[in-house]
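Visitor: Provided herewith is a single structure, encoded as structure tokens, for subsequent inquiry.
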Ligand code: GAR
């Protein structure tokens with residue numbers, strides 16, 4: 001889908017930057033879901049900076065030497081924000097980032113690591129894999145969390161270890177795999193807010209966390225109801241139905257007045273869905289740049305409370321007041 005807004009990505013590097021180059025050139029293919037808005041480094045001499053400049057990408061460099069970790073992280077963070085980035089991709093950034101900056105970018109910072117995580121976090125991954133007699137090495141793209149190389153793995157590629165491999169020859173082949181993996185996984189990750197399967201699983205997780213709920217199909221689409229034979233539906237998941245481009249959650253309002261008020265107040269979020277709108281259901285648009293998941297959770301809960309038996313709503317109210 002070429003007309004989706006492109007995510008803005010800052011790439012952090014310390015060295016040659018072949019992964020940065022792979023990310024950058026992939027971003028210049030037609031329909032790429034992201035663009036590189038900054039290449040930043042803790043080393044002014046990093047080859048990656050030269051390449052980025054030659055390609056017209058803004059760069060930022062600040063040596064960490066003699067600097068406090070938190071101060072250095074903060075300066076990087078400022079440069080990243082000034083560049084307007086929505087995501088940070090670490091590509092051979094060899095500085096450990098402190099909890100402060102990692103927390104600020106939670107869910108929006110990803111890293112590539114040259115091993116099949118959870119094997120071999122940290123350094124010297126290739127030498128350790130060869131020494132262990134492993135038949136394969138590889139690379140992982142993962143979310144960054146405060147624990148080193150431990151965030152959720154988003155994608156991996158295995159690379160066969162050959163009998164005469166040295167850490168250097170292996171590293172070279174692993175990089176070839178990395179150059180394929182990283183752009184693909186970054187692209188998928190920044191696009192997930194427009195992906196129906198991802199949005200459905202997010203909604204399902206929230207809906208099924210409410211008491212005594214179950215997922216069922218209604219008119220051929222996923223929907224959520226109070227469990228049991230007589231349980232009523234409280235939410236529908238609508239994937240571009242009836243000619244609209246929205247992927248949406250349909251939730252109950254108190255009626256036409258509220259429905260129309262919501263749409264008037266925030267037409268980027270709410271719409272009147274075909275058929276369901278007539279009986280007071282509102283559409284909440286999910287496939288947009290900044291879907292507010294707290295708001296989605298709020299509407300799911302409200303809608304659930306409209307149809308849940310008193311026994312359940314009373315229990316939930318008591319628990320909330322407790
Ligand atoms: C890559 O192999 C990357 O996985 C690794 O550094 C290399 C950078 O190469 N990263 C780490 O070891 C992070 N702990 P590049 O500068 O050519 O992209």
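Visitor: If residue 97 satisfies all but one of (1) closer than 19 Å to residue 175 by Cα; (2) within 13 Å of the ligand (Cβ to nearest atom), what's the number of the condition it fails?
Guide: Exception for residue 97: condition (1).
Visitor: Yes or no: residue 230 touching a residue at least 24 places away in the same chain (Cβ under 8 Å) and out of contact with any strand residue (DSSP E or B) (no Cβ under 9 Å at 6 or more places or on another chain)?
Guide: Working: touching a residue at least 24 places away in the same chain (Cβ under 8 Å): no; out of contact with any strand residue (DSSP E or B) (no Cβ under 9 Å at 6 or more places or on another chain): yes.
No.
Visitor: On to the next question. Mind counting the residues in region 138-158 that are within 11 Å of the ligand (Cβ to nearest atom) and not in a loop (DSSP other than H, G, I, E, B)?
Guide: The qualifying residues number 5.
Visitor: Let me ask something else about it. Which of (1) part of a helix (DSSP H, G or I); (2) without any contact (Cβ under 8 Å) to a residue 40 or more places away in the chain; (3) within 13 Å of the ligand (Cβ to nearest atom) does residue 126 not meet, given it meets every other one?
Guide: Just one mismatch for residue 126, condition (2).
Visitor: Sticking with this one: Which of (1) more than 22 Å from residue 97 (Cβ to Cβ); (2) assigned to a loop (DSSP other than H, G, I, E, B); (3) in contact with a helix residue (DSSP H, G or I) (Cβ under 6 Å, 6 or more places away or on another chain) does residue 170 not meet, given it meets every other one?
Guide: Against the list (1) more than 22 Å from residue 97 (Cβ to Cβ); (2) assigned to a loop (DSSP other than H, G, I, E, B); (3) in contact with a helix residue (DSSP H, G or I) (Cβ under 6 Å, 6 or more places away or on another chain), residue 170 comes up short only on (2).
Visitor: Sticking with this one: What's the number of the condition residue 5 fails, among (1) within 20 Å of the chain's Cα centre (by Cα); (2) within 19 Å of residue 144 (Cβ to Cβ)?
Guide: (2)
Visitor: Taking the conditions exactly as written (away from the ligand (no atom under 14 Å from the Cβ) and on the phi < 0 side of the Ramachandran plot), does residue 189 satisfy them or not?
Guide: Numbers: away from the ligand (no atom under 14 Å from the Cβ): yes; on the phi < 0 side of the Ramachandran plot: yes.
Answer is yes for this residue.
Visitor: Look through region 6-17, keep the residues that are surrounded by fewer than 21 Cβ atoms within 10 Å (Cβ to Cβ) and within 25 Å of residue 97 (Cα to Cα), and return whichever of them is farthest from the ligand (Cβ to nearest atom). First the steps, then the outcome.
Guide: Here is the first cut: in region 6-17, the residues surrounded by fewer than 21 Cβ atoms within 10 Å (Cβ to Cβ) are 6, 8, 14-16.
From what is left, the residues that are within 25 Å of residue 97 (Cα to Cα) are 8, 14-16.
Numbers: 8: 20, 14: 7, 15: 4, 16: 4 Å.
By that ranking, first place goes to 8.
Visitor: Shifting gears a bit: List the residue pairs whose Cβ atoms are under 6 Å apart, where the first residue sits in region 148-173 and is on the phi < 0 side of the Ramachandran plot, the second is within 13 Å of the ligand (Cβ to nearest atom) and part of a loop (DSSP other than H, G, I, E, B), and the two are 6 or more positions apart or on different chains.
Guide: Between residues of region 148-173 that are on the phi < 0 side of the Ramachandran plot and residues that are within 13 Å of the ligand (Cβ to nearest atom) and part of a loop (DSSP other than H, G, I, E, B), the close pairs are 148/121; 151/144; 153/117; 156/116.
Visitor: Where in region 18-109 are there helices (runs of 4 or more DSSP H), lying wholly inside it, with at least 2 residues that are crowded, with 20+ Cβ neighbours inside 10 Å and touching a strand residue (DSSP E or B) at 6+ places or on another chain (Cβ under 9 Å)?
Guide: In region 18-109, 18-27, 47-54, 69-82 are the helices (runs of 4 or more DSSP H) which contain 2 or more residues that are crowded, with 20+ Cβ neighbours inside 10 Å and touching a strand residue (DSSP E or B) at 6+ places or on another chain (Cβ under 9 Å).
Visitor: Further, regarding this structure: Being within 22 Å of residue 245 (Cβ to Cβ), in contact (Cβ under 8 Å) with a residue 60 or more places away in the chain and either within 20 Å of the chain's Cα centre (by Cα) or surrounded by fewer than 19 Cβ atoms within 10 Å (Cβ to Cβ) (or both) narrows it down to one residue among 296, 307; which is it? Give the derivation first.
Guide: Details: 307 fails: within 22 Å of residue 245 (Cβ to Cβ).
Every option except 296 fails the conditions.
Visitor: Looking only at region 111-123, count how many residues are within 9 Å of the ligand (Cβ to nearest atom) and either at positive phi or out of contact with any helix residue (DSSP H, G or I) (no Cβ under 6 Å at 6 or more places or on another chain) (or both). So that I can check it myself, show each step before the final result.
Guide: So in region 111-123, the residues within 9 Å of the ligand (Cβ to nearest atom) come out as 111-115, 121-123.
After this cut, where a residue has to be either at positive phi or out of contact with any helix residue (DSSP H, G or I) (no Cβ under 6 Å at 6 or more places or on another chain) (or both) as well, the list is 111, 113, 121-123.
Within region 111-123, residues that are within 9 Å of the ligand (Cβ to nearest atom) and either at positive phi or out of contact with any helix residue (DSSP H, G or I) (no Cβ under 6 Å at 6 or more places or on another chain) (or both) number 5.
Bear in mind that the values in this text are calculations on the coordinates, not laboratory data. Bear in mind the structure is a predicted one, so any value in this text is a computation, not a measurement. Methodologically, a virtual Cβ is constructed for each residue, glycine included, from the backbone with ideal geometry; neighbour enumeration extends over all protein chains shown.
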